[in-house]
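The values are calculated or read from the model by the stated rules, or taken from the named source; none is laboratory data. Predicted model only: the values in this text are computed from it and were never measured. As a convention, Cβ positions derive from the backbone with ideal geometry for all residues, glycine included, and neighbour counts pool all protein chains shown. Note: areas computed on protein heavy atoms with side chains; ligands, DNA, RNA excluded. Shrake-Rupley method; radii C 1.70, N 1.55, O 1.52, S 1.80 Å.
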Amino acid sequence: QLQASGGGLVQAGDSLRLSCAASGRSLSSYTTAWFRQTPGKERAFVAAIRRTPSTTHYADSVKGRFTISRDNAENSVYLQMNSLKPEDTAVYYCAAGPNLILSSISTASRYNYWGQGTLVTVSA
């Protein structure tokens with residue numbers, strides 16, 4: 001089970017840190033990712049951290065502003081979001097899947113486990 005938290009209402013330029021805590025499975029055994037979704041649109045890839053090698057990958061729209069990290073001791077994955085923009089407003093979901101190849105990490109259907117989502121609202 002994945003539990004996402006940390007969303008909220010912030011102003012443009014602010015920062016937020018999202019957390020995804022896992023129970024019942026070790027996130028270090030999975031590729032873990034963050035996706036986001038706005039009304040009427042499909043879930044869009046934001047960032048991922050692979051199991052092996054432990055590399056990180058980002059959507060172009062967040063590269064340089066967001067950082068994904070994993071704490072194996074806490075069995076959690078985080079998404080540090082800086083310089084937030086109104087277009088970052090969305091429900092953010094964490095997901096875990098098998099050790100995906102690079103070409104699959106941005107595909108939502110390749111992930112087996114999903115958190116419940118946390119809402120991030122960025123005002124102009």
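Restricting to region 5-56, count the residues that are open to solvent by 40 Å² or more (accessible area, probe 1.4 Å), outside any loop (DSSP other than H, G, I, E, B), more than 19 Å from A73 (Cβ to Cβ) and of a type in the set (A, V, I, L, M, F, W, C). Counting residues in region 5-56 that are open to solvent by 40 Å² or more (accessible area, probe 1.4 Å), outside any loop (DSSP other than H, G, I, E, B), more than 19 Å from A73 (Cβ to Cβ) and of a type in the set (A, V, I, L, M, F, W, C) gives 2. Highlighted here are the strands (runs of 3 or more DSSP E) found entirely within region 57-118 that include at least 2 residues which are among the aromatic types (F, W, Y), within 20 Å of S15 (Cα to Cα) and within 15 Å of the chain's Cα centre (by Cα): 90-97. Considered as a group, the residues in region 72-124 that are out of contact with any strand residue (DSSP E or B) (no Cβ under 7 Å at 6 or more places or on another chain) and hydrophobic (A, V, I, L, M, F, W, C) include one that is nearest to Y30 (Cα to Cα), and that residue is I101.
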